[in-house]
Amino acid sequence: MNGFRPFAPFQGPQIASREFRYIALMEHPLPPPTFTDPADFARLREALLNADYSTSGIVSAMRIKNFEAIRTAGRPVMLDRTSAGRPIDAFIRLFLLRVPVARDQITKAIAPLSFDSVAASRLIVPGENAGEFISGFDMLPFEGFILTFDRPPREGNEPYTDYVMGIGGSTTSLGMQMVRRRSRATLDLGCGCGTLGFLATKFSDRVIGADRNQRALAIARFNVALNAVTNYDIVETDFFSAVQGRKFDLIVSNPPFVISPGKKFIYRDGGMQGDGVTETVVRGCCEHLAEGGFAHILCNWAHMKDQPWDQRLAAWARGGDGRTGNSGGADMLVLRTITRDPVEYAMQWISETERYLATEQMWTRLNEWVDAYKDQGIEAVSGGLISLHKSGDRPGWFDADTSPEQGAGYTGEHLAQMFAARDFLHAIGGEAGLPHRRLRCSPQLRLSQHVQLTPEGWQLVEAEARIDPGYPFGGVLEPLVMQFVLRMEGRETVAEAINAVAAENGRDVAQIAPRALPIVAHLVRRAVLLPVG
């Protein structure tokens, strides 16, 4: 191999005498949870409700500021604050802290559900000490639901190939970014335990959760029954195979997007060369979106040698090779969060998902990944959110922006406004069409002014603009731009406002206008300024 060599090759007598192998891959030995009596789902739901096993209930019981504070509270503190023997203490210890709980305490907590039923469900399994039990799965509150999923592997152990992830950072990020408008039909592609689909049930007539992992499907069905959700169907699919011919107002997907050689873990590896999984999902979304529908894919994509990455992605939305049969187009907005070189990208994922490897195994694995990137012509890998909007028969537009890693609360509506703003710019011919248009500031715009004392008095130095709630784009406005923005109340045209600012500051409008229009267009693209009428 001709890949990256961080150290001298691991060979010679010092390695030859040492056992050197990867741990064998295997499926999870504990079957998914289930109840033989359907009424037990309601009984468990009642027990959790009575104990107030909710986000607010856990925060109150553990006397912490918010749910995220669990990460920093410290294990001794959490154990001390769940030692009173209350039902919520048993649930927190079982499903959040993952520590053994005595049988009598579990029996008290799960009433009216019987202990034998919950033990048979595999939600709990015997612990090391007689009379104690531990959780077989994690179970956490999320946005008004209770979701069950696999416990993460113990430190130093390899995840099972069919491991079903829980409520991770990427899932919650995608959930906060998806457009939450009324949907007749929503598809959660690669649903896992069902998290995104559950969020969508709140504003969708019907939700389909689709996955190829049989274990994920079983756990998602358990969660549907536990939460008594009636508008959520779970189906097995290979990409879009189970929904051919169907159209959706919303598609969300957090697929196994990691660009890796081989197909090791279902939740991580798509098993296709390069960013083939991302391309397949994007093209499929274009085919299955209803008119006016949105799709959101949290994913990675490759930067190929001698081919701009944005041109590749734009072609996917156009269906340029005919694979989707998409006669219309889809507008594509890419919010890029990260870009990493091949070594950094490979090391990130190997160290995060294969921590069980010994040091020399880790380097060997790294070489495998980097060699594969070199063979495929991959020079870098980016990650972020690809969003699509079905645009009918007209050709779709493509645009990209650099996105902050963390949104400020729910950002989905801001994202929809950015699509509408770009539609507006395309309709008027770009910035050249702005002078005779009227704009207004977004109702979510928040401005912070920075002033400085000068001999002439307090003078505006600069201002910061942000959308709240919305994407926390960093934005510093110079004084003239700030004055322009403050005039955007929908009464003046852009040209009139530029003329007024120029006159107030003794500036030549002929010099200001050419420089102002690109700035105005930029503020429109980010939905800081919105069109009127």
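Coordinate-derived values only; no laboratory data. Owing to the predicted nature of the structure, the values given are computational and were not obtained by experimental measurement. Here Cβ is always computed from backbone atoms with ideal geometry, including for glycine, and neighbour counts include all displayed protein chains.
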>> For Rg/Rh (Cα atoms, Kirkwood Rh), pick the label among (i) 1.19; (ii) 1.07; (iii) 1.02 that corresponds to the value derived from the coordinates.
In response: (iii)
> Whose amide H sits under 5 Å from the amide H of D233, counting only residues 5 or more places off or on another chain, with H placed in the peptide plane?
Replying inline: V207, I208, G209
> For the chain, how many pairs of lysine residues have a Cα-Cα distance under 26 Å, where the two are 8 or more positions apart or belong to different chains?
Replying inline: 7
> Put +1 on the Cβ of each Lys and Arg and -1 on the Cβ of each Asp and Glu in the chain; which of T55, S114, S241 then has its Cα farthest toward the positive end of the dipole?
Replying inline: S114
>> Under the 0.36 nm per residue contour assumption, what length would be gained going from the current alpha-carbon distance of R206 and S448 to full extension?
In response: 82.9 nm
> Where does helix 494-504 land angle-wise versus the long Cα axis of the chain, in degrees 0 to 90, nearest 10?
Replying inline: 70 degrees
> If one takes the longest principal axis of the Cα atoms in the chain, at what angle in degrees, from 0 to 90 and to the nearest 10, does the Cα axis of helix 359-376 lie?
Replying inline: 40 degrees
> Over segment 39-142, what per residue volume does the convex hull of the Cα atoms give, in whole Å³?
Replying inline: 94 Å³
> For a label point 7 angstrom out from the Cα of L30 toward its Cβ, which stretches of segment 213-257 have the backbone nitrogen within less than 19 Å?
Replying inline: 214-224, 226
> Under the classification rounded if a/c is under 1.5, otherwise prolate if a/b is larger than b/c and oblate if not, where does segment 430-531 fall, given a ≥ b ≥ c as square roots of the Cα gyration tensor eigenvalues?
Replying inline: oblate
> Taking 0.36 nm per intervening residue step and subtracting the Cα-Cα distance, what contour gain separates D52 from A102 on full extension?
Replying inline: 16.0 nm
> What residue among P469, L425, G457 has its Cα farthest toward the positive end of the dipole of segment 421-480, where the charges are +1 on Lys, Arg and -1 on Asp, Glu, each on the Cβ?
Replying inline: L425
> Over what distance in Å are the Cα centres of segment 278-319 and segment 478-533 separated?
Replying inline: 34 Å
> In degrees between 0 and 90, to the nearest 10, how far off the longest principal axis of the chain does helix 214-226 point, with axes built from Cα atoms?
Replying inline: 90 degrees
> What list do you get for K108, K65, K202 if you sort them by fewest beta carbons within 10 Å?
Replying inline: K65, K202, K108
